[in-house]
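Here's the structure we're looking at; comments come further down.
The values are calculated or read from the model by the stated rules, or taken from the named source; none is laboratory data. Everything quoted here is computed from the prediction, not taken from an experiment. Methodologically, a virtual Cβ is constructed for each residue, glycine included, from the backbone with ideal geometry; neighbour enumeration extends over all protein chains shown.
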Amino acid sequence: MAALRDLIALHPSAWLAIGGLLIGVMFGFIVSRTNFCTMGSISDIVSFGDYRRFRAWVLAGAVAIIGAQALAAAGVVPLAKSMYLGTTFNWFGHSVGGLMFGYGMVFAGGCASRNLTRVGSGDLRALMALLVVGVFAYMTIGGILGPLRDIIERTTAINLPTRGIATQGIGDILARFVPGSPAGLNALAGVLIVAGMLLYCFRSADFRGSGSHIFSGLAVGLCVITGWALTGLAFDDLAERPTAPISLTFIRPTADALEWLQRFTAGMVPGFGVATVFGAILGAFLSAVSTGRFRLATFSDVADTKRVLFGAALMGIGGVMALGCTLGQAITGISTLALGSFVTFAAIVAGGVFGMRRLEAALAAET
Amino acid sequence: MADKTIDARGANCPIPILKAKKGIGEVPVGGTLEVLATDPGSAADFQAFARQTGHTLVEQGETAGVYRFVLKRASA
């Protein structure tokens, strides 16, 4: 592993760009082929009581936790340096942002990653959705909505060290209230959480009998683990501008990808996130072409256009407030065992269920 | 000839399924609902819908990017 780290250290930017592209291709191909869809999983539950795709999502999270924690224990990736394990707990952003994201993805035809794979199969409506996601994400980070987001964050976020808690990692939080070391409590909590998630998945005979769902959960989880391994090996704490370890997440990177396209001549090397965005589109494109499913599609009418743009705007704002999306927080984030990621996961699901009910009512009123 | 037809062409998930869920309740028991869709994910969605609800997916096909599903309403 040390030899690999030394090799990557020679050209870390190139490794992150090429590796990110390949991981993105793998992810886009898998999502496209297996119909893995976080919004679709909520639709399945609300529309007809099928929990298999949701269990595939949970399985992906469990696999990602196992992999990320193992990589951290082996010294491959310093998860503590990731953005998820910060010293503030932005409960408002995680909950309200997650709700907005979950609600929005129902109207936008899927989360950011789903829309990336739709673009790969020729859906121009998804391309428009992603443009809106990117613009609203940047508006929320440092644009016209930035000051408001900043005020809300500074007003509501809890500074954990002032309360005797080092970070929002579950081990650190538990160590404040029960005897034991943060690392030991983190490991114990991780084992219990993973056991609970796996039990939830595999106690279902329906899920156990569905190889494609099991495969999709395992494969998406492995994509996230691969991302952690790559960015962990490329991480250099002594670099002038260290790139924090990260794995698949698609809100900020979608916005960054738009910036990269517009400022290419400024000599910007695409980072890991930007590379995964283009990789996901390419992977879905390869899948669509290989199965004869590549077809150009666009908005069907004004109502469809309004729905998608509204949903995409909510995803852009909510995704920034919550620091991630259905992938970025609800798989990659939870793999660090950060409390905020679990809060966001729950909020996204709640927002998705609420959005599904609202969409169902709106469609019923249309006819 | 189906008892009712829903044209969900151009609509992405979850709209075709939500429309089918409403539409199947509007045909008589034993009657059929035809759904037209263009979302590539709809094939898997309608298989899961039929499997879970007990309605029978009596026909399923794709022509030039348009998916056609015919559901027969179950008694319950």
Original post:
Can you name the number of the only condition in (1) more than 11 Å from every other protein chain (Cβ to nearest Cβ); (2) surrounded by fewer than 24 Cβ atoms within 10 Å (Cβ to Cβ) that A:Ile45 fails?
Top reply: (1)
Original post:
Tell me, which residue of the stretch B:55-65 that is within 10 Å of chain A (Cβ to nearest Cβ) and touching a residue at least 12 places away in the same chain (Cβ under 8 Å) is nearest to B:Asn12 (Cα to Cα)?
Top reply: B:Gly65
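Quick check on A:Leu218: is it over 17 Å from the mean Cα position of the chain (by Cα), assigned to a helix (DSSP H, G or I) and either modelled with pLDDT of 95 or more or surrounded by 24 or more Cβ atoms within 10 Å (Cβ to Cβ) (or both)?
On the way: over 17 Å from the mean Cα position of the chain (by Cα): no; assigned to a helix (DSSP H, G or I): yes; either modelled with pLDDT of 95 or more or surrounded by 24 or more Cβ atoms within 10 Å (Cβ to Cβ) (or both): yes.
Against the criterion (over 17 Å from the mean Cα position of the chain (by Cα), assigned to a helix (DSSP H, G or I) and either modelled with pLDDT of 95 or more or surrounded by 24 or more Cβ atoms within 10 Å (Cβ to Cβ) (or both)), A:Leu218 does not qualify.
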Original post:
From the list A:Leu314, A:Leu261, A:Leu286, which residue is surrounded by fewer than 24 Cβ atoms within 10 Å (Cβ to Cβ), in contact (Cβ under 8 Å) with a residue 40 or more places away in the chain and either on the phi > 0 side of the Ramachandran plot or outside any loop (DSSP other than H, G, I, E, B) (or both)?
Top reply: A:Leu286
**OP:** Please verify whether the stretch A:49-66 includes one or more residues that are more than 16 Å from the chain's Cα centre (by Cα) and more than 14 Å from chain B (Cβ to nearest Cβ).
**Re:** yes
Original post:
Considering the stretch A:317-367 alone, what residues qualify as being outside any loop (DSSP other than H, G, I, E, B), more than 14 Å from chain B (Cβ to nearest Cβ), of a type in the set (A, V, I, L, M, F, W, C) and under 22 Å from A:Arg55 (Cβ atoms)?
Top reply: A:Ala330, A:Ile331, A:Ile334, A:Phe342, A:Val343, A:Phe345, A:Ala346, A:Ala347, A:Ile348, A:Val349, A:Ala350
Subject >> Out of A:Ala229, A:Ala175, A:Ala189, A:Ala195, sole residue that is surrounded by fewer than 21 Cβ atoms within 10 Å (Cβ to Cβ) and in contact (Cβ under 8 Å) with a residue 40 or more places away in the chain >> reply: A:Ala189
